[in-house]
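What follows is a set of notes on a single structure, which appears directly below.
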Amino acid sequence: MATAVDARQSGMPGPDDVDQNRLKRTDAALARRFVEFADLECAASGSGMSVNSPTYAALSRYIAKHPDLLALARECRAGQPIPNLLLAAVKRVVQDAPRSALAPHYERAARGDRPSAALPGAFAEFCADNRARILALLESRNVQTNEVGRCSHLMPAFGIVSKVARQPVALIDVGAGAGLNLLWDRFDYRYSDGSAFGTGRSPVRIDCESRGPMPETPARFPEVAYRVGIDLEPIDLADDEQYRWLQALVWADHADRTVLLANARRIWLQDSPRVVAGDAVERLSELIRAAPIGAALCIFHCHVLNQFPASARAAFTEALRSASHQRPVYHVSSEGEHLNVTRLVNGRSRPLLSVLRSAHGRWVEWSDG
Ligand SMILES: C[S@@+](CC[C@H](N)C(=O)[O-])C[C@H]1O[C@@H](n2cnc3c(N)ncnc32)[C@H](O)[C@@H]1O
C-alpha cells in the first residue's frame, strides 16, 4: 500500500492524508506532515518535489514541535495542503506588517540569506499576535499558487502534441488559477543546454536547467486554436487583494518566482485568458464540446489533482477516457514529480513523453522519466 509520502509524490493523496481529512488532524499526524514537508518539499534536492527553501524547512520543523502552532494548522480548510496554506497565510499578514520582528527575516530569505536562529521565535510570536487574522485566511483561502515556471515543461509538451497531431492545439487548463500558464506562448524560454524559444522580448523569461537531451521541440510555438481554463475559484489578477494572495503563496526564499509572477501579471492585465468558474469534473465535457474540431484537444493540469478527493480523480480520468471515444485526447499531466504526456484514443492510451521535473519548473530531466 502506498504511504502518505509515496502518494503525495505521485500527486495522489492517500486516504489517511491529514490535508484531506480534518478528523485525522491529531498533533502527531500534523507534526509528521510538517516534518515530511520540510524533508521532502523544502529540501534543496532529492526529488522533483524538493524546491529548496531553508526558511520554510526551519519553520516547518519548529511548527512540528509546538502545539500552539499545530493548533493553528488544524484550522486549515479540508482538502488544502496544510503547510503551504499556513505558511502563505502568515506571509500574507507579514506583507501588511513590515515593522514586525518577523518581516526582516522574510526580507533576508528573499535575498537568499540562510535563516537565523531568531527566526522561529519571531514566527511564533507573530502567529500569537496575529492569530485571528491568520485563522480567517486559513478558513477562507485556498492554495492557488499559479506558477509560470511550470511552462518550462508545458511548452515542449504542447509542441510535441502539435507535432504528433499535426494540428494546432486546443488547450484546456484544469485548475488554472488565474490562467497564467495559458499564456505560455507569450513567454521566452532559455534552457541550460543553450536552446531558446520565444521572441526574446517577453517580460517573462523562464530559465530552466535542462538535464539530458531535450526532445525535439518545434522552433516556433504551435498555433493555439482554443484556450480556456477552469477553476473552482478563478483568480482575478486585476484585484489587488487576490494578487497579494498569489504573492503570499510564493515561498519566502523564492524571490525569482515573485518577479516571474509580477511580469506574467503584466501580460495577463493586457490580455487575460478565459477561466471559467466551476468544478472541473462537472464542467469538463462542456469545455471539450466547445473545442474546435481540427485542433488537437489538449487537456492539461499542474499540481491540481492533490486537491481532488479520490472519487473526483476517478471521475476526471473517466471523463478523459470517455471524451477519447469522440476524438483523440492529449493529456498533459504535471503532478507530483512527473510530467506525462499521453494520447488517448477510444479509451486506450499511448505515452508520448514522461519526464521528471521540479515542482516549480526550475529543472527538467528529459532522459530519466
Ligand atoms: C496549486 S493550484 C495550481 C494552479 C495552476 N495549475 C498552476 O500550476 O500554476 C491548484 C488549483 O486547482 C484548483 N482546483 C482544485 N480543485 C478543483 C476542481 N475540482 N475543479 C477546478 N479547479 C480546482 C484550485 O482552486 C487551484 O487554483
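Figures for the structure shown
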read-out: Residue list for the range 121-163, filter: of a type in the set (Gly, Ala, Ser) and crowded, with 17+ Cβ neighbours inside 10 Å; value: Ala122, Ala124, Gly149, Ser152, Ala157, Gly159, Ser162
read-out: The listed residue being hydrophobic (A, V, I, L, M, F, W, C) and free of Cβ contacts under 8 Å to residues at least 24 places away in the same chain, out of Ala264, Ala314, Ala310; value: Ala314
read-out: Only listed residue being assigned by TED's automatic domain parsing to the domain that holds Ile206 and over 18 Å from His303 (Cβ atoms), chosen from Ser333, Ser324, Ser358; value: Ser324
read-out: Tally of residues being outside any helix (DSSP H, G or I) and either under 15 Å from Ala296 (Cβ atoms) or among the polar types (S, T, N, Q) (or both) across the range 143-172; value: 10
read-out: Qualifying residue in the range 322-343 (condition: more than 15 Å from the ligand (Cβ to nearest atom), assigned to a helix (DSSP H, G or I) and touching a residue at least 60 places away in the same chain (Cβ under 8 Å)); value: no
read-out: Qualifying residue in the range 246-269 (condition: of a type in the set (Gly, Ala, Ser), in contact with a His (Cβ under 9 Å, 6 or more places away or on another chain) and within 14 Å of the ligand (Cβ to nearest atom)); value: no
read-out: Tally of residues being under 11 Å from Val18 (Cα atoms), more than 16 Å from the ligand (Cβ to nearest atom) and assigned to a helix (DSSP H, G or I) across the range 65-95; value: 1
read-out: Residues of the range 137-155 satisfying the condition of being farther than 14 Å from Phe197 by Cβ, within 12 Å of the ligand (Cβ to nearest atom) and not β-branched (Val, Ile, Thr); value: Arg141, Asn142, Gln144, Asn146, Glu147, Gly149, Arg150
read-out: Meets criteria (within 17 Å of Val355 (Cβ to Cβ) and not hydroxyl-bearing (Ser, Thr, Tyr)) for Ile172; value: no
read-out: Breaking point among (1) more than 16 Å from the ligand (Cβ to nearest atom); (2) under 19 Å from the mean Cα position of the chain (by Cα); (3) of a type outside the set (Ser, Thr, Tyr), for Arg22; value: (2)
read-out: Leu305 in the same structural domain as Gly229 (by TED's automatic domain parsing), under 17 Å from Phe158 (Cβ atoms) and within 13 Å of the ligand (Cβ to nearest atom); value: no
read-out: Residue within the range 215-225 that is without any contact (Cβ under 8 Å) to a residue 60 or more places away in the chain, touching a helix residue (DSSP H, G or I) at 6+ places or on another chain (Cβ under 7 Å) and farther than 15 Å from Val332 by Cβ present; value: yes
read-out: Residues within the range 225-239 that are assigned to a loop (DSSP other than H, G, I, E, B) and of a type in the set (Val, Ile, Thr), tallied; value: 1
read-out: Some residue of the range 216-226 being buried (at least 20 other Cβ atoms within 10 Å of the Cβ), over 28 Å from Tyr56 (Cβ atoms) and not acidic (Asp, Glu); value: yes
read-out: Filtered residues of the range 215-240 (kept if closer than 30 Å to Arg111 by Cβ and more than 16 Å from the ligand (Cβ to nearest atom)); value: Ala238, Asp240
read-out: Only one of Glu139, Glu125 that is touching an Asp or Glu at 6+ places or on another chain (Cβ under 7 Å) and more than 30 Å from Trp184 (Cα to Cα); value: Glu139
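For (1) in the same structural domain as Glu282 (by TED's automatic domain parsing); (2) on the phi < 0 side of the Ramachandran plot; (3) within 14 Å of the ligand (Cβ to nearest atom), each residue gets a yes or a no:
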{"position": "Ser116", "(1), (2), (3)": "no, yes, no"}
{"position": "Ala157", "(1), (2), (3)": "yes, yes, yes"}
{"position": "Asn181", "(1), (2), (3)": "yes, yes, yes"}
{"position": "Trp184", "(1), (2), (3)": "yes, yes, yes"}
{"position": "Ser195", "(1), (2), (3)": "yes, yes, no"}
{"position": "Val204", "(1), (2), (3)": "yes, yes, yes"}
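The values are calculated or read from the model by the stated rules, or taken from the named source; none is laboratory data. For clarity, every value in this text was computed on a predicted model and none was experimentally measured. We place every Cβ from the backbone using ideal geometry, glycine too, and count neighbours over all the protein chains shown.
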